[in-house]
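What follows is a set of notes on a single structure, which appears directly below.
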Amino acid sequence: MAETRGNNRNGDVLLRVEGLKMHFPITQGIIWQRQVGSIKAVDGIDFYINSGETLGLVGESGCGKSTTGRAILQLYRPTAGHVYFQGVDLTQMKGEQLRRQRRKMQMIFQDPYASLNPRMTVGNIVGEPLEVHNIARGKEKRERVMELLRVVGLNPYFVNRYPHEFSGGQRQRIGIARALAVNPDFIVCDEPISALDVSIQAQIVNLLEELQEQFGLTYLFIAHDLSVVRHISDRVAVMYLGKLVEMTDRDTLYENPLHPYTEALLSAVPIPDPQVEAKRKRIILEGDVPSPANPPKGCNFNTRCPRAMDICFEEEPPFKDVGDGHYVACFLYE
Amino acid sequence: MDTLLEVKDLRTQFFTQDGVVHAVNGISYELHRGETLAIVGESGCGKSVSVLSLIRLIPQPPGKIVGGEVWFDGQDLLKLDEDDLRRIRGNRIAMIFQDPMTSLNPVLTIGQQVEEALQLHLGMSKHQARQRSIELLEMVGIPDAAARIDDYPHQFSGGMRQRVMIAMGLSCNPEILIADQPTTALDVTIQAQIVDLVKRLKNEVGMAIIWITHDLGVVAGLAERVIVMYAGYIVEEAEVNDLYADPRHPYTLGLLRSIPRLDRVRQEKLQPIEGLPPDLLDPPKGCPFAPRCKYRIDRCWEENPPLRVVAPNHRAACWIDVTDVTGAQD
Ligand SMILES: Nc1ncnc2c1ncn2[C@@H]1O[C@H](COP(=O)(O)OP(=O)(O)OP(=O)(O)O)[C@@H](O)[C@H]1O
Ligand SMILES: Nc1ncnc2c1ncn2[C@@H]1O[C@H](COP(=O)(O)OP(=O)(O)OP(=O)(O)O)[C@@H](O)[C@H]1O
Ligand code: SF4
Ligand SMILES: [Mg+2]
Ligand SMILES: [Mg+2]
């Protein structure tokens, strides 16, 4: 059935992001707060997601993945740029109009412990969006909730239990059921399996894939585990310090990475096979990621790049298509 | 081989309001001089408790080491008086923890903390300790160590803090370094730096390492021998190549099959292990893996299989022989 997803690769664009920036102010002073700088969490990114596909978004901690997801859903109002969802620009909307659009877009969070209200029953957690969006109430709501629990592989009779009575994997299923309640078209999955045990991760990945097929969902799948991203994504975007450095289809990215950062990232992933590990050569990146409050001049990656040239310290490489929808931001490919 | 540490039938429990948590249920193994031994298993299976018990760092109460022996240099660490144990802990057996922020003191500089360990354990003078600290920080790859030694922990990144912890762990030339998930909180590129560093240092210093992790990828590149834990038991133990090429416990097999691999053709579907690990407050009577096991037989519900030799240097705790029931590759 993965074929149906593949076929959609050339399908309609569901979401298009243009020049998206999300800067957070850094302020100083106790009485008169004045802005002394800004954290450039997301600093001008462009990408699109086709209807029915999964775009993986990978990168190191703090590079701006979650902020991107939130800015798309307008949970943060972007500093600049546009987010076109089904052709309409969400950044220009507010109030009731925006609320109606939001119903089509949901989010699943990383931490299955912190993201569920501990004082609400599972029934109320999953049913709340049904009431908020006037979809169902009373007996109808209850039936819909039980149906949703069944869909995500939980016992429907859990409706009266509280989150603390569940394991991490089960809580993540509750979060997924809640996201599905309003029949969304698009879900931002923000590290939905990172907090789970290895033996449980595969259960949730399979569930997300089954739900995608069943309901024709489109995903933005945020993660830092590149093996899982390869498994679940149709295309993958790689982020570094607030910018996208590369984006292409899954197989091309893993077989023919162009950006030096993507190369290093892939080479750092340990392979669970001692024979393979013994023979592998690793690109070990020096140093740490610079602060997003003070990114380097020129290419963002120049402080750690093993292949940096003079121009990389002067100018910023554009993010552009080098052929067949393979986007990269690097002067090696100018 | 030269045995450095011998653990015999170690048992640790927690006596809580809700009942007795059976965290470590009689585990036995040896650590050889200079080897890297990995302990893998999922959250809550008893990895940390099992190594904290070795050097009696279990919070007591509610914890209690209810049985076993830990032989190191002709002495049972579990019977040693507190003064003698303190001389071994942090000195001949050093430990680094998962979260370097909680294990470094935020109000002391990096230098003060490394120097203190050297003065305490090796009786160095203040001046000697400072010189040695700078050397150690350079050795673990802190750039411009002489200048950064007076920084506070919050001025360091996560990867740098973990390097400091490693420097402190190594400061007394320990014979055993216990590393409890030292890279779990770090990014893959930083993890690769740390793993690379530890491998290099191990060759230089010649210590033995017990490395705890969830990550079967890291283990493959780092360990010589592996212990797989499940629900407070060792369910499999083997040399690293044998464990991956010829896993003998259904849990190990399941874990290896459930993870997607970057170096293989993408599978259509992942193969999860269904179900959940057991509740250690109320452990099952038979094999702890039985409720999730694809290969179980009636006996598995009744009796817990002992860890026994299944091949040279290879032990597993299972009533069946998985090589009978699994194809070579499926
Ligand atoms: N509300 C906020 N106010 C100020 N700074 C923020 C805020 N949210 C995020 N940031 C900063 O923006 C940067 C990007 O954060 P973000 O959470 O998007 O990263 P991420 O890629 O999701 O990282 P992780 O993998 O750790 O989840 C970080 O430097 C972070 O500290
Ligand atoms: N102080 C404590 N009080 C009660 N139970 C405890 C205590 N410390 C640990 N336990 C229990 O002992 C069991 C083993 O815990 P341990 O910390 O060894 O797990 P672990 O394998 O290290 O897991 P992780 O991978 O999450 O670190 C768990 O079920 C845990 O809940
Ligand atoms: S003893 Fe039985 S239940 Fe346990 S792992 Fe072996 S076959 Fe499975
Ligand atoms: Mg995030
Ligand atoms: Mg632990």
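The values are calculated or read from the model by the stated rules, or taken from the named source; none is laboratory data. The structure presented is a predicted model; accordingly, all values stated were derived computationally and were not measured. Cβ sites come from the backbone with ideal geometry, for glycine too, and all protein chains shown count toward neighbours.
Out of all the residues in region B:20-69, which are part of a loop (DSSP other than H, G, I, E, B) and within 16 Å of ligand 3 (Cβ to nearest atom)?
B:41, B:42, B:45 - these are the residues of region B:20-69 that are part of a loop (DSSP other than H, G, I, E, B) and within 16 Å of ligand 3 (Cβ to nearest atom).
Are any residues in region A:104-117 farther than 19 Å from residue A:142 by Cα and at pLDDT below 90, and if so, which ones?
Kept after step one, since they are farther than 19 Å from residue A:142 by Cα, are these residues of region A:104-117: A:104-115.
Those that are farther than 19 Å from residue A:142 by Cα and at pLDDT below 90: A:109, A:110, A:111, A:112, A:113, A:114, A:115.
Restricting to helices (runs of 4 or more DSSP H) lying wholly in region B:166-269: which have 3 or more residues that are within 13 Å of chain A (Cβ to nearest Cβ) and closer than 30 Å to residue A:234 by Cβ? So that I can check it myself, show each step before the final result.
Details: elements: B:188-205, B:216-222, B:240-245, B:250-258.
Result: B:188-205, B:216-222, B:250-258.
Considering only residues that are away from ligand 1 (no atom under 16 Å from the Cβ) and part of a strand (DSSP E or B), look in region A:56-94 and name the one that is farthest from residue A:260 (Cα to Cα).
Among them, the one singled out is A:88.
Looking only at region B:293-319, how many residues end up being free of Cβ contacts under 8 Å to residues at least 60 places away in the same chain and buried (at least 20 other Cβ atoms within 10 Å of the Cβ)?
3
If I ask for residues that are more than 12 Å from ligand 3 (Cβ to nearest atom) and within 16 Å of residue B:236 (Cα to Cα), which ones from region B:274-324 would you list?
B:309, B:311, B:312, B:313, B:314, B:315, B:323
Could you tell me which numbered condition residue A:17 fails, if it satisfies all but one of (1) farther than 26 Å from residue A:249 by Cβ; (2) more than 16 Å from ligand 4 (Cβ to nearest atom)?
Single failed check for residue A:17: (1).
Testing residue B:138 on (1) in a loop (DSSP other than H, G, I, E, B); (2) farther than 19 Å from residue B:98 by Cα, one condition comes back false. Which one is that?
Only one criterion is unmet by residue B:138, namely (1).
Test of understanding: among B:42, B:82, which residue is more than 14 Å from chain A (Cβ to nearest Cβ) and out of contact with any Gly (no Cβ under 8 Å at 6 or more places or on another chain)? Spell out how you get there, then give the answer.
Details: B:42 fails: more than 14 Å from chain A (Cβ to nearest Cβ).
Among B:42, B:82, only B:82 is more than 14 Å from chain A (Cβ to nearest Cβ) and out of contact with any Gly (no Cβ under 8 Å at 6 or more places or on another chain).
Quick one: count up the residues across region B:254-276 that are surrounded by fewer than 21 Cβ atoms within 10 Å (Cβ to Cβ), of a type in the set (A, V, I, L, M) and under 24 Å from residue B:306 (Cα atoms).
Selection size over region B:254-276: 2.
Within region B:116-148, can you find the residues that are among the acidic types (Asp, Glu) and farther than 25 Å from residue A:288 by Cα?
Here is the first cut: in region B:116-148, the residues among the acidic types (Asp, Glu) are B:116, B:135, B:138, B:144.
Passing the criteria: only B:116.
Please indicate, with yes or no, whether at least one residue in region B:75-85 is surrounded by 21 or more Cβ atoms within 10 Å (Cβ to Cβ) and either basic (Lys, Arg) or modelled with pLDDT of 95 or more (or both).
Taking region B:75-85 first, the residues surrounded by 21 or more Cβ atoms within 10 Å (Cβ to Cβ) are B:77.
Filter once more, keeping what is either basic (Lys, Arg) or modelled with pLDDT of 95 or more (or both): B:77.
Yes, because at least one residue in region B:75-85 is surrounded by 21 or more Cβ atoms within 10 Å (Cβ to Cβ) and either basic (Lys, Arg) or modelled with pLDDT of 95 or more (or both).
Are any of the residues in region A:84-94 in contact (Cβ under 8 Å) with a residue 24 or more places away in the chain and either on the phi < 0 side of the Ramachandran plot or within 16 Å of ligand 3 (Cβ to nearest atom) (or both)? Quick ask: steps written out before the conclusion?
Of region A:84-94, the ones in contact (Cβ under 8 Å) with a residue 24 or more places away in the chain are A:84-86.
Narrowing further to those that are either on the phi < 0 side of the Ramachandran plot or within 16 Å of ligand 3 (Cβ to nearest atom) (or both): A:84-85.
Within region A:84-94 (the criterion being in contact (Cβ under 8 Å) with a residue 24 or more places away in the chain and either on the phi < 0 side of the Ramachandran plot or within 16 Å of ligand 3 (Cβ to nearest atom) (or both)), the answer is yes, since at least one residue qualifies.
Any residue at all in region A:318-327 that's within 14 Å of another protein chain (Cβ to nearest Cβ) and either of a type in the set (Lys, Arg) or crowded, with 21+ Cβ neighbours inside 10 Å (or both)?
To start, the set of residues in region A:318-327 that are within 14 Å of another protein chain (Cβ to nearest Cβ) comprises none.
Scanning region A:318-327, I find no residue that is within 14 Å of another protein chain (Cβ to nearest Cβ) and either of a type in the set (Lys, Arg) or crowded, with 21+ Cβ neighbours inside 10 Å (or both), so the answer is no.
Might you let me know whether region A:145-157 holds any residue that is over 18 Å from the mean Cα position of the chain (by Cα), of a type in the set (Phe, Trp, Tyr) and at pLDDT 90 or above? Reasoning before the result, please.
Step one: of region A:145-157, the residues over 18 Å from the mean Cα position of the chain (by Cα) are A:145-157.
Then keep just the ones that are of a type in the set (Phe, Trp, Tyr); that gives A:157.
Remaining after also requiring at pLDDT 90 or above: none.
No; the residues of region A:145-157 include none that is over 18 Å from the mean Cα position of the chain (by Cα), of a type in the set (Phe, Trp, Tyr) and at pLDDT 90 or above.
Pick from A:266, A:241: which is of a type in the set (A, V, I, L, M, F, W, C), away from chain B (no Cβ under 11 Å) and touching a Pro at 6+ places or on another chain (Cβ under 8 Å)? Write out each step before concluding.
Details: A:266 fails: away from chain B (no Cβ under 11 Å).
Sole residue among the options that is of a type in the set (A, V, I, L, M, F, W, C), away from chain B (no Cβ under 11 Å) and touching a Pro at 6+ places or on another chain (Cβ under 8 Å): A:241.
Considering only residues that are touching a helix residue (DSSP H, G or I) at 6+ places or on another chain (Cβ under 9 Å), within 15 Å of residue A:330 (Cβ to Cβ) and not in a helix (DSSP H, G or I), which ones fall in region A:255-272?
Selection gives A:257, A:258, A:259.
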